[in-house]
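What follows is calculated from the coordinates using simple rules that are stated; it is not laboratory data. Keep in mind the model is a prediction, meaning the values are calculated, not measured. Here the Cβ positions follow ideal geometry from the backbone for every residue, glycine too, while neighbour counts run over all protein chains shown.
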């Protein structure tokens, strides 16, 4: 069985640009969450979707948005990129929200 | 304000001995706890979880203990193996409250298994 897949794996963007990150959950999982991890910190919660509806949002600015599609895949969008948005972005899927979540390998975003 | 704290940034243990990783939390709404292991350039890997209705959960070499009154949990790895060298994250969620806030992670403990 395929695990959680994220694309792209690495990305370099310029300040002010926007970026779209993609995630495909484990088959049968209906919940997808997004996390941001910066060096030396644990993953920080950004969004949670379940059955295509937003279930929760972390303390991130409105430049961050996400959606979940009918096939349960998800996109994370970040507008007006700042240098501080450079981080590893992790997608996690689970059968139910906040139960055992399985992570993808992440997308390393570098903003220059 | 950190709601999940892992106060040891690193821990060195000899191969074959027991590794004990600690985690404290402050939010009394947390009722579900998880441990993850992370290698460089990979996403976190789920290890073991525990609900607040239990005080112990075991899976092979991994055992998690939960002390609700002290708001403390620990992960025991016995025996420790070289492949256990990684960063370990403690995470918590308020499952019974709908879990709208996702998982809250600690900063991690870097476990180093010495040969």
Practice task
Provide Rg and Dmax in Å for the protein assembly as shown, with only Cα atoms included in the calculation.
Solution key: 17.3, 51
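Arrange the following residues from fewest to most other Cβ atoms within 10 Å of their Cβ: A:7, A:24, B:74.
Numbers: A:7 13, A:24 21, B:74 16.
Sorted ascending by nearby Cβ count, the order is A:7, B:74, A:24.
Using alpha-carbon pairs under 8 Å, 6+ residues apart, how would you state the relative contact order of the stretch B:1-70 in percent?
Values: 75 pairs, mean separation 13.6, N = 70.
Here the relative contact order equals 19 percent.
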Problem - Gap separating the Cα centres of the stretch B:1-21 and the stretch A:12-29, nearest whole Å - result: 32 Å
Exercise for the section: Two decimals is fine: what is log10 I(q)/I(0) at q = 0.17, 0.21 Å⁻¹ for the stretch B:4-80, from a Debye sum with one equal scatterer on every Cα and no solvent? Expected result: -0.69, -1.03
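So what is the relative contact order for chain A, in percent, with contacts set as C-alpha pairs under 8 Å and at least six apart? Could the numbers behind the result be given before it?
Working: 291 pairs, mean separation 41.8, N = 112.
RCO, chain A: 37 percent.
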Practice task
Any chance you could check the Cα centroid distance between the stretch B:43-115 and the stretch A:47-85 for me, in angstrom?
Solution key: 26 Å
Exercise for the section: Kindly give Rg over Rh for chain A, based on alpha-carbon atoms, with the Kirkwood expression for the hydrodynamic radius. Expected result: 0.94
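Using the count of nearby Cβ atoms within 10 Å as a rough guide to exposure, how do A:94, B:10 rank from fewest to most? List each step's numbers first, then the result.
Numbers: A:94 23, B:10 10.
The order, fewest Cβ neighbours first, is B:10, A:94.
Given N residues in the stretch B:7-52, what is its alpha carbon radius of gyration divided by 2.2 N^0.38 Å? Could the numbers behind the result be given before it?
On the way: Rg = 13.1 Å, N = 46, 2.2 N^0.38 = 9.4 Å.
Dividing the Cα Rg of the stretch B:7-52 by 2.2 N^0.38 Å gives 1.39.
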Handout entry: Fewest-first sequence of A:91, B:23 by Cβ atoms within 10 Å of each Cβ
Key = B:23, A:91
